[in-house]
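J.: This is the structure, below, for whatever I ask next.
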Ligand SMILES: *Cc1c(COP(=O)(O)O)cnc(C)c1O
């Protein structure tokens with residue numbers, strides 16, 4: 001009999017979203033009337049249709065594939081040059097950040113990249129993750145055998161957790177301990193926090209001191225509304241030596257179902273071998289793509305390219321303004337209801353302290369029963385998320401306004 005990957009057995013059974021779905025299903029079965037007016041502010045998925053520029057570009061690309069003269073088969077494994085250069089130009093060089101076209105690797109999304117990137121990193125790496133955090137960083141490491149078993153509070157042995165609390169503004173300082181690989185995500189899911197230039201500089205300094213690698217997830221970069229908030233880890237020039245950035249078209253262009261994202265892998269990022277040689281990661285990443293992937297479909301890459309056209313940019317901006325309008329309404333309503341609120345200014349998530357020391361799940365149940373609103377319990381994102389809930393602004397305006405009204409009944 002074949003052997004299975006036992007690391008999967010270490011994963012926590014009661015994973016967040018299935019448990020949310022179970023509780024919602026049970027409630028709806030028992031309360032059909034309430035079920036009809038249920039509003040979901042839970043899972044972080046977009047709700048609004050795709051930008052017209054992307055739709056037109058994808059239609060045109062599909063049509064090209066239907067004619068001998070314009071047909072294309074396999075494309076470059078790291079993505080078409082037209083898309084890589086649009087990304088490098090608009091997202092980086094236009095902002096005075098030095099990134100070459102061939103340092104961009106197009107993928108089917110950032111969640112996927114979180115798993116793929118572990119392919120080129122050694123098993124010996126000590127991992128540090130913020131707590132609370134996007135669960136994918138931890139689970140992909142557990143699956144790859146880079147943790148011990150989980151303890152009672154759901155934390156895994158061997159992983160260094162960086163507490164994100166109201167006291168540190170949900171931006172952890174670099175720890176005294178050594179780590180080889182540090183995950184950072186700003187603007188943050190779930191807390192909505194952003195890191196300042198100074199705070200990111202301290203992380204870059206830590207990485208250089210410890211010869212660590214930063215994995216910087218900037219999925220919500222487009223939601224930054226305040227000036228002086230860095231849009232990229234490469235806004236700190238020394239990060240070219242010690243950081244990989246993950247980006248996605250899911251949240252700015254509504255591509256959660258279309259699937260497209262990218263990594264930025266500077267050629268200057270080095271990692272070591274067991275016997276102390278220092279080698280660039282870029283060729284390994286290139287090799288990983290050419291061996292294991294044939295990149296993303298041509299129509300999708302044309303759709304992503306169109307998000308950088310003048311119309312595409314305007315349409316993305318309107319989508320983001322829509323969601324951030326919701327965030328403002330929800331944030332205001334929660335504050336009005338007497339709750340302590342965080343986030344929702346540079347990110348589409350509002351991070352709310354539960355009242356009366358309720359646990360996250362108690363608050364989840366209360367909002368489900370009394371308001372018929374589904375939120376995400378903070379404890380599902382890590383031990384430090386206990387006592388918080390996440391309200392997502394991904395919704396119609398009508399629903400956001402209705403949730404705001406219901407919050408006043410708390
Ligand atoms: C939504 C999200 C992503 C994007 O994931 P895709 O796989 O590109 O859809 C990445 N990181 C975080 C923290 C997210 O919330």
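J.: Looking at this structure, is residue 114 under 20 Å from the mean Cα position of the chain (by Cα) and modelled with pLDDT of 95 or more?
T.: Considered against the rule, which asks whether it is under 20 Å from the mean Cα position of the chain (by Cα) and modelled with pLDDT of 95 or more, residue 114 comes out as yes.
J.: Can you pull out every residue in the stretch 54-75 that is outside any helix (DSSP H, G or I) and either surrounded by 16 or more Cβ atoms within 10 Å (Cβ to Cβ) or without any contact (Cβ under 8 Å) to a residue 40 or more places away in the chain (or both)?
T.: Matches in the stretch 54-75: 66, 67, 68, 69, 70, 71, 73, 75.
J.: Is there any pair with a first residue in the stretch 109-122 that is in the same structural domain as residue 137 (by TED's automatic domain parsing) and a second that is within 11 Å of the ligand (Cβ to nearest atom) and assigned to a helix (DSSP H, G or I) whose Cβ atoms are under 8 Å apart and which are 6 or more apart or on different chains, and what are they?
T.: As it stands, the answer is 111/136; 114/136; 114/137; 115/136, since those pairs meet every condition given.
J.: Of the numbered conditions (1) out of contact with any strand residue (DSSP E or B) (no Cβ under 6 Å at 6 or more places or on another chain); (2) more than 30 Å from residue 401 (Cα to Cα); (3) buried (at least 16 other Cβ atoms within 10 Å of the Cβ), residue 46 fails exactly one; give the number of that condition.
T.: In the conditions (1) out of contact with any strand residue (DSSP E or B) (no Cβ under 6 Å at 6 or more places or on another chain); (2) more than 30 Å from residue 401 (Cα to Cα); (3) buried (at least 16 other Cβ atoms within 10 Å of the Cβ), residue 46 misses (2) alone.
J.: Looking at the stretch 271-292 only, could you name the residues that are touching a helix residue (DSSP H, G or I) at 6+ places or on another chain (Cβ under 8 Å) and part of a loop (DSSP other than H, G, I, E, B)?
T.: Correct list: 281 only.
J.: Would you pick out the residues in the stretch 79-89 that are within 12 Å of residue 232 (Cβ to Cβ) and surrounded by fewer than 23 Cβ atoms within 10 Å (Cβ to Cβ)?
T.: 88
J.: Now for a different question. I'd like to know if the stretch 12-26 contains one or more residues that are touching a strand residue (DSSP E or B) at 6+ places or on another chain (Cβ under 8 Å), more than 30 Å from residue 318 (Cα to Cα) and not in a helix (DSSP H, G or I).
T.: Taking every residue of the stretch 12-26 in turn, at least one turns out to be touching a strand residue (DSSP E or B) at 6+ places or on another chain (Cβ under 8 Å), more than 30 Å from residue 318 (Cα to Cα) and not in a helix (DSSP H, G or I).
J.: Then there's this: Condition (residue is touching a strand residue (DSSP E or B) at 6+ places or on another chain (Cβ under 9 Å) and under 17 Å from residue 246 (Cα atoms)) applied to the stretch 144-162: is it met by at least one residue?
T.: Within the stretch 144-162, not a single residue is touching a strand residue (DSSP E or B) at 6+ places or on another chain (Cβ under 9 Å) and under 17 Å from residue 246 (Cα atoms).
J.: Looking only at the stretch 243-260, count every residue that is assigned to a strand (DSSP E or B), in contact (Cβ under 8 Å) with a residue 60 or more places away in the chain and more than 10 Å from the ligand (Cβ to nearest atom) and tell me the total.
T.: Of the residues in the stretch 243-260, 1 are assigned to a strand (DSSP E or B), in contact (Cβ under 8 Å) with a residue 60 or more places away in the chain and more than 10 Å from the ligand (Cβ to nearest atom).
J.: Out of 229, 300, which single residue is more than 14 Å from the chain's Cα centre (by Cα), modelled with pLDDT of 95 or more and farther than 30 Å from residue 385 by Cβ?
T.: Answer to the selection: 300.
J.: Also, quick follow-up: Kindly evaluate residue 39 against the criterion of being closer than 30 Å to residue 373 by Cα, within 16 Å of the ligand (Cβ to nearest atom) and touching a helix residue (DSSP H, G or I) at 6+ places or on another chain (Cβ under 7 Å).
T.: It is false that residue 39 is closer than 30 Å to residue 373 by Cα, within 16 Å of the ligand (Cβ to nearest atom) and touching a helix residue (DSSP H, G or I) at 6+ places or on another chain (Cβ under 7 Å).
J.: Here is a check on your reading of the model: is residue 347 within 17 Å of residue 43 (Cβ to Cβ) and part of a loop (DSSP other than H, G, I, E, B)?
T.: Spelling it out, residue 347 is indeed within 17 Å of residue 43 (Cβ to Cβ) and part of a loop (DSSP other than H, G, I, E, B).
J.: Being at pLDDT 95 or above and within 23 Å of residue 303 (Cα to Cα) is true for just one of 65, 38. Which residue is that?
T.: Criteria check complete, one pass: 65.
The values are calculated or read from the model by the stated rules, or taken from the named source; none is laboratory data. As the structure is a computational prediction, the values presented were derived from the model and not from experiment. A quick note on method: Cβ atoms are made from the backbone with ideal geometry, for glycine too, and the neighbour counts reach across all protein chains shown.
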